[in-house]
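The values are calculated or read from the model by the stated rules, or taken from the named source; none is laboratory data. In this text, all values refer to a predicted model and were calculated from it rather than measured experimentally. Glycine gets a Cβ as well: all are built from the backbone with ideal geometry, and neighbour counts include every protein chain shown.
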């Protein structure tokens, strides 16, 4: 039996109260294929979740491999940070960026960066470009901007850390990444693309500092950022 054109279009929508509902058409109520359609849609969603998780793990693996981190403490914080941020509400914008982290030697007057552009990195960029092309959505409003600007390399340098204070280190990483996105036009366009209308209007009225702080909170690192500010105040007061 030939399937209808709309077969598989049923979707589960996440609600704010941690519940889900089905996005269905009026004609779905009398459709004899609704059970098969719903089963097929759920299967497709599960496969997409698995694919997204694999993309996330591949990206995190490349970031860790290409970054230059000398201390185990920062390394463990970075790994946890990446896992959390890629699972955050705004995590999808990260797939159009390659974040690299470099821990500068203490008291160094200069620091050289060597970034190997291996075949693996090139393939990673191509895979993300293909993913964006395959999942292309209808044109968006000009005020939001688009996500077709290409693949962006963002380098974050650490010149200090906070021994035995993982939350402060996590807050430092989150702040620097948020500032990277909040302080340049491309990062702002990428963020605006995935915000709701209310959040978009609010974000556009903020200055760089407010945007940075807002992103830190949105990514779920508010407590870590507070720990960072506390440690910074302690250092400056000593």
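For residue 200, indicate whether it is touching a residue at least 40 places away in the same chain (Cβ under 8 Å), touching a strand residue (DSSP E or B) at 6+ places or on another chain (Cβ under 9 Å) and in a helix (DSSP H, G or I). Taking the combined requirement at face value, the residue does not satisfy it.
Scanning region 74-106 for residues that are modelled with pLDDT of 90 or more and farther than 20 Å from residue 216 by Cβ gives 75, 102.
Here residue 80 passes the criteria (1) more than 17 Å from the chain's Cα centre (by Cα); (2) under 20 Å from residue 162 (Cα atoms) except the one numbered (1). Quick one: would you say residue 173 is assigned by TED's automatic domain parsing to the domain that holds residue 74, in contact with a helix residue (DSSP H, G or I) (Cβ under 8 Å, 6 or more places away or on another chain), without any contact (Cβ under 8 Å) to a residue 60 or more places away in the chain and crowded, with 17+ Cβ neighbours inside 10 Å? It is false that residue 173 is assigned by TED's automatic domain parsing to the domain that holds residue 74, in contact with a helix residue (DSSP H, G or I) (Cβ under 8 Å, 6 or more places away or on another chain), without any contact (Cβ under 8 Å) to a residue 60 or more places away in the chain and crowded, with 17+ Cβ neighbours inside 10 Å. Selection of region 215-238 for residues being part of a loop (DSSP other than H, G, I, E, B) and either farther than 24 Å from residue 194 by Cα or not assigned by TED's automatic domain parsing to the domain that holds residue 172 (or both) yields only 238.
Within region 122-131, none of the residues are touching a strand residue (DSSP E or B) at 6+ places or on another chain (Cβ under 9 Å), more than 21 Å from residue 224 (Cβ to Cβ), modelled with pLDDT of 75 or more and part of a helix (DSSP H, G or I).
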